[in-house]
Structure formats: structure tokens, C-alpha cells
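All remarks here apply to the structure that follows.
The values are calculated or read from the model by the stated rules, or taken from the named source; none is laboratory data. Small disclaimer: the values here were computed from a predicted structure and weren't measured. Neighbour counts run over all protein chains shown; Cβ positions are idealised from the backbone, glycine included. Please note that ligands, DNA and RNA were not included when accessible areas were found on the heavy atoms of the full protein model with its side chains. Shrake-Rupley method; radii C 1.70, N 1.55, O 1.52, S 1.80 Å.
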Amino acid sequence: QVQLVESGGRLVQAGDSLRLSCAASGGTFTNYAMGWIRQGPGKEREFVSAVRWNGGTAYYADSVKGRFTISRDNAKNTVYLQMNSLKPEDTAVYYCAAAKRQYYGGGYYASLDTYDYWGQGTQVTVSS
């Protein structure tokens, strides 16, 4: 029902910045919390960041806190991930995801089972 399309991934150098976008359609955008999850080569998917419906509360994995910023524009049905000071360890496919149920608490959004809809992913490669 809900469709998510990521864009913005590309090859960059360590220390560079990059912004990813996720466009949503097929549902009422404010009914969903939105998250970013990534999967590096040979690794399992890991939570990166999430934001509640009004953009007022955000959560981050320790590995990206202070470097990445999540935001959303409800008028455009779009969520963003601004990535600064990129490291080779950030190389991964980045997925956008939507959660129907919204609660306060980072532990809730860090669980991948929370999310009901997923995009196809966009590749981010950080060279040294």
C-alpha cells in the first residue's frame, strides 16, 4: 500500500557530506514514523535513525550520533538523512522504512520489527 523510494546515494570520499531523500506515496504521511536502516557488506541490517510524525522527536544509533541528522517535510511527504563527516565504515545500502505505530522511546524504533514498509535502498560508498 505504502511505497517508499530512496535517492541520493553515490560514491564519496571520507570526510565528505551527503544527503539522502525518501519520497513516500500511497498513505497519509503523518500516520507514520519514518526511519533509516543500513546494511553494510557482509553485515546484518542495523538501525541508523528515526523521527516521529511531527519531526519533533528523533533517535540515532550511537555510531552516527553527532554526524547524521534526520528530518522530514510533511508537506512534501519526504524524509531526509543528512550525513556529515562520512567514514568508510558508513559504506552500506541505506533503506527508508515506515512504522504505523508510534511511541516515544529509542528502543522501540531501533527494533527492525517496528517497521511495516520498506524502500528498495540506495547505495552509499565512502572511499578512504
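Could you give me the residue pairs with C-beta distances under 6 Å whose first residue belongs to region 115-128 and is part of a strand (DSSP E or B), whose second residue is at pLDDT below 95 wherever it lies, and which are 6+ apart or on separate chains?
What qualifies is TYR117/VAL2.
Could you tell me how many of the residues in region 28-40 are open to solvent by 40 Å² or more (accessible area, probe 1.4 Å) and either modelled with pLDDT under 95 or touching a helix residue (DSSP H, G or I) at 6+ places or on another chain (Cβ under 7 Å) (or both)?
Going through region 28-40 one residue at a time, the tally reaches 3.
Would you call VAL126 open to solvent by less than 60 Å² (accessible area, probe 1.4 Å) and under 18 Å from ALA14 (Cβ atoms)?
Considered against the rule, which asks whether it is open to solvent by less than 60 Å² (accessible area, probe 1.4 Å) and under 18 Å from ALA14 (Cβ atoms), VAL126 comes out as yes.
Those residues that are surrounded by fewer than 16 Cβ atoms within 10 Å (Cβ to Cβ) and not in a loop (DSSP other than H, G, I, E, B), I need them from region 70-88; list them, please.
Passing the criteria: SER71, ASP73, GLN82, PRO88.
Sort out which residues of region 41-68 are open to solvent by 10 Å² or more (accessible area, probe 1.4 Å), assigned to a strand (DSSP E or B) and hydroxyl-bearing (Ser, Thr, Tyr), and write them in order of number.
Within region 41-68, TYR59, TYR60 qualify.
Kindly check whether there is at least one residue in region 89-99 that is open to solvent by 40 Å² or more (accessible area, probe 1.4 Å), assigned to a strand (DSSP E or B) and modelled with pLDDT of 95 or more.
Checked region 89-99: no residue is open to solvent by 40 Å² or more (accessible area, probe 1.4 Å), assigned to a strand (DSSP E or B) and modelled with pLDDT of 95 or more.
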